[in-house]
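The values are calculated or read from the model by the stated rules, or taken from the named source; none is laboratory data. In this text, all values refer to a predicted model and were calculated from it rather than measured experimentally. All Cβ positions, even for glycine, are placed from backbone atoms using ideal geometry, and neighbour counts span all protein chains on display. Heavy atoms of the whole protein, side chains included, go into the accessibility calculation; ligands, DNA and RNA do not. Shrake-Rupley method; radii C 1.70, N 1.55, O 1.52, S 1.80 Å.
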Amino acid sequence: MTQVFTKVTAIRGMNDALPGASARWEQLEALVREWLRAYGYRNMRAPILEHTRLFTRGIGEVTDIVEKEMYTFTDSLNGESLTMRPEFTAGMVRAAIEHNLLYDRPQRVYAMGPVFRHERPQRGRYRQFHQIDVEALGLAGPDIDAELIVMVSRLWKLLGITDIELEINSLGQGDERAAHRAALITHLEQHKDILDEDGLRRMYTNPLRVLDTKNPAMQAMADSAPKLFDFLGETSRAHFDGVCARLTDAGVPYRLNPRMVRGLDYYNLTVFEWVTDKLGAQATVCGGGRYDGLIELLGGKAAPAVGFAIGIERLLDLWGQYQPEVALPECEVYVVHQGDEAQRRAALLAESLRDAGMSVIVHAGAASFKSQFKRADASAASIAVILGGDELAAGVASVKMLRAVAQTSDAAQFSVPLDDLVAFLKDKVN
Ligand code: ATP
Ligand code: MG
């Protein structure tokens, strides 16, 4: 009796990247590593799973992420509450504290990888998505805030992305936020009748976040609310001005957005977002800011820090609108063969071509020349090497140029002694 299984599909909001699309990811990741290296940022990796309390403490209880977006479960083996990281910063900071990374100097670090949030999937909003996360740990000045922002603008240039704008704001310091908060609560109390459920719930716990609403009915109330920016003292303003002056030095235009509060609780002073109108509703490609209190909050020795995260799916979507994908060949050289002995020789030959740095596929199994050539063509290899009975008897391989020879006067097919093959092909593969 045969058993019928229903097909298992991917989890909603979690995407596969098949070889064609993944090549694009790898291209971006390679470019990103070079870009970060140019500023002295070094890669580090922390686990995807962390104790839930790291995020509840590090991100804040009254945030979208902690309230409703985390993948949290109980470890059935020991009853601990664990969470799939919804962002990188908390884990990076935890690791830095745990390993005393900042004991003798500040650190510029980055990480890339998947993060998880239980949101409603749509274009640019997934449940497993990926971030490039960059953190400058232990550095306090406006110079470093500006360096990070200028750095991001360089990435847009490297990718040829133009329609993207920088919005910045300052969240000041705790006492300034407290004064603003009192004024804000008064304002919210005056508009209690138009607050939605989230608004009413957060009014006293996190009033600033009430302004971050996407509810159109609350926009006018949010627009007329007292602005945190107006509550900043001299030192906070000087920091902000220092950032702006350096952005101007570097020729990076910015727009002050006094309403920007960012999704996480831990920010202070500079916050920024890069937004575009080319991605529909999911307009933010990069968001970041300063979080001078977080290291101490997570149990480390107090140290300032600033960082940002870029959403890779949104970036790839945007990049594709400027630079269309080009399909990469599966290999440079495709080896076809006929007969058992030729197949075994082909395998060894391919090893020597790989020794010389070439990318080689040997046709697997036995098939007619015609169907092997079809496969060679589909691989987009530029060269086919043919080993048949005649070639073996003569100690040669036939080499067939599959592509891009139309314009040259070169013959399209050659007979090359096996001993000369590596040198011959190295010259043809560029
Ligand atoms: P949004 O306002 O779009 O929900 P956010 O403030 O929650 O964004 P951050 O926590 O700052 O986002 O994350 C940094 C970046 O990660 C965002 O700017 C965005 O590019 C990307 N991002 C956030 N959530 C998602 C998601 N669910 N799917 C894909 N990318 C995302
Ligand atoms: Mg969000």
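List, please: which pairs have Cβ atoms under 8 Å, are six or more places apart or on different chains, and start with a residue in segment 271-300 that is in contact (Cβ under 8 Å) with a residue 40 or more places away in the chain and end with one that is near ligand 1 (Cβ under 9 Å from one of its atoms) and basic (Lys, Arg)?
Close Cβ pairs (under 8 Å, with a partner that is near ligand 1 (Cβ under 9 Å from one of its atoms) and basic (Lys, Arg)) amount to Val271/Arg262; Glu273/Arg262; Leu279/Arg314; Gln282/Arg125; Gln282/Arg314; Val285/Arg314; Gly289/Arg262.
Checking Phe73 against (1) open to solvent by 50 Å² or more (accessible area, probe 1.4 Å); (2) within 16 Å of ligand 1 (Cβ to nearest atom), which test does it fail?
Of (1) open to solvent by 50 Å² or more (accessible area, probe 1.4 Å); (2) within 16 Å of ligand 1 (Cβ to nearest atom), only one is false for Phe73: (2).
Every residue in segment 362-398 that is crowded, with 17+ Cβ neighbours inside 10 Å and without any contact (Cβ under 8 Å) to a residue 40 or more places away in the chain, please.
The answer is Val362, His363, Gln372, Phe373, Val396, Ser398.
For segment 301-330, name all the residues that are crowded, with 19+ Cβ neighbours inside 10 Å and either more than 26 Å from the chain's Cα centre (by Cα) or part of a loop (DSSP other than H, G, I, E, B) (or both).
Ala303, Pro304
Within segment 234-257, can one find any residue that is within 16 Å of ligand 1 (Cβ to nearest atom) and in contact (Cβ under 8 Å) with a residue 12 or more places away in the chain?
The answer is yes, given that some residue of segment 234-257 is within 16 Å of ligand 1 (Cβ to nearest atom) and in contact (Cβ under 8 Å) with a residue 12 or more places away in the chain.
Applying the selection to segment 219-275, what residues are in contact with a Gly (Cβ under 6 Å, 6 or more places away or on another chain), at pLDDT 90 or above and in a loop (DSSP other than H, G, I, E, B)?
Correct list: Leu232 only.
If you scan segment 192-211, which residues turn out to be open to solvent by 60 Å² or more (accessible area, probe 1.4 Å) and of a type outside the set (S, T, N, Q)?
Listed by number, the residues that qualify are Lys192, Asp193, Ile194, Glu197, Leu200, Arg201, Tyr204.
Is one or more of the residues making up segment 212-220 more than 16 Å from ligand 1 (Cβ to nearest atom), β-branched (Val, Ile, Thr) and open to solvent by 10 Å² or more (accessible area, probe 1.4 Å)?
For segment 212-220, residues more than 16 Å from ligand 1 (Cβ to nearest atom), β-branched (Val, Ile, Thr) and open to solvent by 10 Å² or more (accessible area, probe 1.4 Å): absent.
Residue-by-condition table, conditions (1) in a helix (DSSP H, G or I); (2) over 15 Å from Leu316 (Cβ atoms); (3) open to solvent by less than 30 Å² (accessible area, probe 1.4 Å):
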| position | (1), (2), (3) |
| --- | --- |
| Val8 | no, yes, no |
| Arg12 | no, yes, no |
| Asn15 | no, no, no |
| Gly40 | no, yes, no |
| Pro47 | no, yes, no |
| Phe55 | yes, yes, yes |
| Val66 | yes, yes, yes |
